[in-house]
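Following this message is one structure expressed as structure tokens.
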Amino acid sequence: MARWKNGPGTLHGAQLGIPLEIAASYRARARGLLGRDGIEGALLLTPASGVHTFRMRFAIDVAYLSRDFTVLAVRTMRPGRLGRPRLRARHVLEAEAGAMARWGLRAGLRLDVEPTG
């Protein structure tokens, strides 16, 4: 099992080279996208199986990922919502609403995460 660290990365899947921010510590996962007005690219929460959008300023797309980064489900969540945890999810990917559709992310797609820095 890979030991993830906070920091930048790149997400590869249906579209290549999506900028990624990895949140692996409890503090980074808890902070997530709170207090931000948007995000360039995506945020990977690991380990995680669910998210909420309380106190968020914008709607987000959420992709639940298995241990091997296969997309289990993709949902759009408005601010003030509690997402159900997914039993097989090991990672959660967040992006601005509409981004995942533009990137072609869908259930069954296998992603690759490349930490940088």
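Bear in mind that the values in this text are calculations on the coordinates, not laboratory data. None of these values were measured; they are calculated from a predicted model.
Enumerate the calculated ³J(HN,Hα) couplings along segment 52-62 in order (Karplus 6.51 cos²θ - 1.76 cosθ + 1.60, θ = phi - 60°), each rounded to whole Hz, writing x wherever the residue is Gly or Pro.
Per-residue couplings from phi come out as 9, 10, 5, 6, 8, 9, 8, 6, 10, 8, 10 Hz.
Remind me, relative contact order of the chain in percent, using alpha carbon pairs under 8 angstrom and six or more residues apart?
With pairs under 8 Å counted, the relative contact order is 31 percent.
Return the label of the correct value of Rg and Dmax of the Cα atoms in Å, as calculated from the structure shown, out of (i) 12.8, 37; (ii) 14.7, 50; (iii) 12.6, 34.
The value matching this structure is (iii).
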